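> I have a structure I would like to understand better, so I am pasting it below and will then ask my questions one at a time.
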Amino acid sequence: METQQIHKRRARYKGTHPRHYNEKYKELNPEKYEDTIEKVIQKGGTPAGMHISIMVQEILDFLQIQPGQNGLDATLGYGGHTRAMLQCLKGQGHLTALDVDPLEMAKTQERLRNAGFGPDILTIRQINFADADKVADEAGKFDFVLADLGVSSMQIDNPERGFSYKYDGPLDLRLNPQKGEPASERLKHVTQDELEGMLVENADEPYAEEIARQIIREIKKGNSIDTTGKLRELVEKALVSIPAAQRKEAVKKSCARTFQALRIDVNSEFEVLESFLQKMPDILNPGGRVAVLTFHSGEDRLVKKYFKEYYKEGIYSDIARNVVRPSAEECRRNSRAHSTKMRWAVRA
């Protein structure tokens, strides 16, 4: 018996243009509304539910992928880098792609399978790249590895994920929403000193003391900080002494850094990255190449440290002396590319 498909009415919105995530029905259907997608990108925006891959050509120029090679995309995300690397393989060799986000991973896998990249050339696994050694035990050592450490735009833009102070939603911040505790729970049992340290170490926040004091004061009153809006309001209160002319920009930057610091803590991002970098030499074939995209100073310092140490020890035959940055044109088309730095290394 044939089941009747239920028609789902699109989200309604006020005015001429949708403003909220779930109302942007055209942007959320890129295959159907290509013209709308291109208009958003041309204006320097990122369409809702999408992610524009950064520095694709620079990555490919360095990795020098050849048909028949074995590769690892440590951070699958929307799959833009993955697709570009697969095209370089020309149907020969294999690429393994990892992600911890089960929600976005399933969508990306469907897109890539529909594009013709089957299990014969692409394996997708839900596993943290801190366990890259376990992946290499099964897939073999790699000729090329890419790790894009940025949070995907799909996660940032979706209010339900709680990654951005710009949208009101649950204060979650977990890359895998099915595992661990959300940021709202983490804040319930953090001390003021711990929180201040977190803000400094994870985000170089200049107003760490004021923000930590304001948050802890709210928690001691018995109030939970369970939405992104509540956290944003507390940052605003903490910075009330800043002159009005500078306050708006200061609040914007401190909100971004506060959310970043919490996200890094909730997902143990520095510990995960350190484990990945320590294991890297053992998962690369001789002459194997690794490229890492970082988006803030804490990540970049770690990558620089390990690449430099292993180069001095002769484990890497060459490393990037200076960071590679996206072009001015790419930054114009994609505002989220501005803070990107690429470092690379070659296995001896």
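Each value in this text was obtained by applying a stated rule to the coordinates, not by laboratory testing. These numbers were taken from a predicted model, which means no experiment stands behind them. Counting neighbours? That spans all protein chains shown, and the Cβs are built from the backbone with ideal geometry, glycine included.
> For the chain, what does the helix formula give at 222 nm: sum of -39500 (n - 2.57) over DSSP H segments with n ≥ 4, over the residue count, nearest 500 deg cm²/dmol?
Here the helix-only value at 222 nm equals -13500 deg cm²/dmol.
> Using each residue's phi in the stretch 227-241, evaluate 6.51 cos²θ - 1.76 cosθ + 1.60 at θ = phi - 60° and report the 3J(HN,Hα) Karplus result to the nearest Hz, with x for Gly and Pro.
Rounded to whole hertz, the list is 10, 5, x, 5, 5, 4, 4, 5, 5, 4, 5, 5, 9, 5, 7.
> Next question. By its C-alpha gyration tensor, with a ≥ b ≥ c as the square roots of the eigenvalues, how is the stretch 56-98 shaped: rounded for a/c under 1.5, else prolate for a/b larger than b/c, else oblate?
Oblate.
> Another question, then. Kindly flag which residue pairs out of Lys279/Lys312; Lys166/Lys220; Lys304/Lys341; Lys230/Lys252; Lys166/Lys248; Lys252/Lys305 have an alpha-carbon separation exceeding 20 Å in this structure.
Lys166/Lys220; Lys252/Lys305
> Next up: So which trypsin sites (Lys or Arg not before Pro) in the stretch 271-348 are both in a DSSP loop and have at most 16 other Cβ atoms within 10 Å of their Cβ?
Listed in order of number, the matching sites are Arg321.
> Something else about it: Under a straight-distance cross-link criterion of Cα-Cα below 20 Å, which aspartates and glutamates are reachable from Lys141, leaving out those fewer than 8 residues away in the same chain?
Excluding near neighbours in sequence, the set is Asp73, Asp99, Asp120, Asp131, Asp133, Glu274, Asp282, Asp318.
> Could you tell me which of rounded, prolate or oblate describes the stretch 215-333, using a ≥ b ≥ c as the square roots of the eigenvalues of the alpha-carbon gyration tensor, with rounded for a/c under 1.5 and, failing that, prolate when a/b is larger than b/c and oblate otherwise?
Verdict is prolate for the stretch 215-333.
> Compute the FRET efficiency between Gln246 and Arg213 as 1/(1 + (r/R0)^6), taking r as their Cβ-Cβ distance and R0 = 22 Å, and round to the nearest 0.05.
Efficiency, rounded to the nearest 0.05: 0.60.
> Among the GluC sites (Glu not before Pro) in the stretch 277-348, which ones are in a DSSP loop with at most 12 other Cβ atoms within 10 Å of the Cβ? Mind listing them?
Glu313
> Going toward the positive end of the dipole of the chain, with +1 on Lys and Arg Cβ and -1 on Asp and Glu Cβ, which of Gln126, Ile52, Phe142 do you reach last?
In the chain, that residue is Ile52.
> Which of the trypsin sites (Lys or Arg not before Pro) found in the stretch 83-161 are loop residues per DSSP with 14 or fewer other Cβ atoms within 10 Å of their Cβ?
Lys90
> What's the center-to-center distance, using Cα atoms, between the stretch 124-200 and the stretch 220-237 in Å?
21
> Could I ask something else about it? From the square roots a ≥ b ≥ c of the eigenvalues of the alpha-carbon gyration tensor of the chain, which class results: rounded (a/c under 1.5), prolate (a/b over b/c), or oblate?
Here the chain falls in the oblate category.
> Dipole magnitude of the chain about its Cα centre, charges +1 at Lys/Arg Cβ and -1 at Asp/Glu Cβ only, in debye to the nearest 20?
Using only the charged Cβ atoms, the result is roughly 1220 debye.
> Then there is this: Could you derive backbone 3J(HN,Hα) for the stretch 287-297 from the dihedral phi with the Karplus parameters 6.51, -1.76 and 1.60 (θ = phi - 60°), listing whole Hz in sequence and x where the residue is Gly or Pro?
Here the 3J(HN,Hα) series is x, x, 10, 10, 10, 10, 9, 10, 10, 7, 4 Hz.
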